[in-house]
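The values are calculated or read from the model by the stated rules, or taken from the named source; none is laboratory data. Owing to the predicted nature of the structure, the values given are computational and were not obtained by experimental measurement. Note that we place each Cβ from the backbone using ideal geometry, even for glycine, and neighbour counts take in every protein chain shown.
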Amino acid sequence: MAVKTHTVEVGYDEFCGALAAKDLQPLWTQSGKLMPKQPRPTTVPWLWKWDTIFALAERAGELITVKRGGDRRVLALANPGLDGQPYTSSTLWGAIQYLGPRESAPAHRHTPSAIRFVMQGEGVWTTVNGDSCEMRPGDLVLTPNWAWHDHHNEGDSPMVWFDGLDLPFVGMMEAVFFENHPDLRQPITDHNGSERRYGGRALRTRSIGGPLPHSPLLRYPWAETDRALAETLAAEGGPMVSLEYTNPLDGRPAIPTFSSEMHRLAPGGHTRPHRKVGSSVYVVHHGNGTTIVNGQRFDWSPGDIFVTPSWSIVEHQSAEQADLFSISDRPILQALHLYREAELEEPQEVIATFEPK
Ligand SMILES: [Fe+2]
């Protein structure tokens, strides 16, 4: 049998050019970048001030009409480390959504899941698969994967909430589907029905049907979150207690792809430095305080939003009681056995203070 051989007799640079011409790349020139000793996130720690984003959201309310095509009046919190992409971290979408008086955002659905954390306003509801869910400050409302949802403001004042989505991750997995509802408003079949069936207790109506791929509870009202935070802090003490919004049927995260959490810092609380794999986006609900991220000091007030990248060292501190809502990509990492966390002994040295734009 004849053996066919090919010999490449060229210099090194020419060889690399020959590889590129055939859509090949050497590993040996980039193995350190591809396999760093620990995560090297492109997401950078960042903070957006409420006064700044609210003023621009109001202006968007004057300039932009919510209608089919655009569908939503949303300002994405775009992390400067992500090369112009409209993402808050490499895996999480964070944004401000503004709905003016008597406005409606039309019904649609998509495979990226979303949570809405209400920051300001009254008299709005979001209909999720026929169930109209009230939205009041501090409430969390879910619009899970492929659930029809439309938002309505029947009040006289504008409404602002934080949108958290797994859109960067679902987009990276090339799994995004989107569909408009045939009508601007989907039919309403219930009002706060998920709370009646699944909220606030362990007794459930029988024969509700099989398990859903997400929490059947769609609204987590602030009053219950506040009570749970107060009771947990009283029982366990500070410096901070953290609660996760869960699926009441199985205790897993309310949205399978990202966690939603609420943290309460006790007055004078200062958490130990902590690092974890995966990013988090925080929304300040109450109180003034400071978070130190990799030696950089971020001062925050109600309505401010900030992001902590993967494996960054994070400490929270506050002179007064403070509540921080957050989302993180931890459930994906845990499901794939990629999650790690560590607590450090010594507080970080503060070497810089973040100056918001
Ligand atoms: Fe949507």
Q: Sort out which residues of the stretch 109-125 are in contact with a Phe, Trp or Tyr (Cβ under 6 Å, 6 or more places away or on another chain) and within 14 Å of the ligand (Cβ to nearest atom), and write them in order of number.
A: 109, 110, 111, 116
Q: Filter the stretch 60-71 down to residues that are loosely packed, with under 12 Cβ neighbours inside 10 Å and either within 16 Å of the ligand (Cβ to nearest atom) or modelled with pLDDT of 95 or more (or both), then give me how many there are.
A: 2
Q) So which residues in the stretch 193-237 are among the polar types (S, T, N, Q) and either in a loop (DSSP other than H, G, I, E, B) or touching a Ser or Thr at 6+ places or on another chain (Cβ under 8 Å) (or both)? A) 205, 207, 215
Q. Hey, does the stretch 166-180 have a residue that's closer than 19 Å to residue 60 by Cβ, within 16 Å of the ligand (Cβ to nearest atom) and surrounded by 18 or more Cβ atoms within 10 Å (Cβ to Cβ)?
A. no
**Q.** When residues of the stretch 178-230 are limited to those that are over 25 Å from residue 240 (Cβ atoms) and hydroxyl-bearing (Ser, Thr, Tyr), the one modelled with the lowest pLDDT
**A.** 207
Q: Output the number of residues of the stretch 72-103 satisfying the condition of being over 16 Å from the mean Cα position of the chain (by Cα), within 13 Å of the ligand (Cβ to nearest atom) and in a strand (DSSP E or B).
A: 1
**Q.** Residue match in the stretch 40-48 (condition: over 26 Å from residue 225 (Cα atoms), within 16 Å of the ligand (Cβ to nearest atom) and assigned to a strand (DSSP E or B))
**A.** no
Q) Would you call residue 169 modelled with pLDDT of 95 or more and out of contact with any strand residue (DSSP E or B) (no Cβ under 7 Å at 6 or more places or on another chain)? A) yes
Q) Counting just the residues of the stretch 126-158 that are part of a strand (DSSP E or B) and of a type in the set (Asp, Glu), which one comes out farthest from the ligand (Cβ to nearest atom)? A) 134
Q | Single residue of 328, 310, 301 found to be modelled with pLDDT of 95 or more and surrounded by fewer than 21 Cβ atoms within 10 Å (Cβ to Cβ) | A | 301
**Q.** Test: residue 106 is at pLDDT below 95 and near the ligand (Cβ under 10 Å from one of its atoms)
**A.** yes
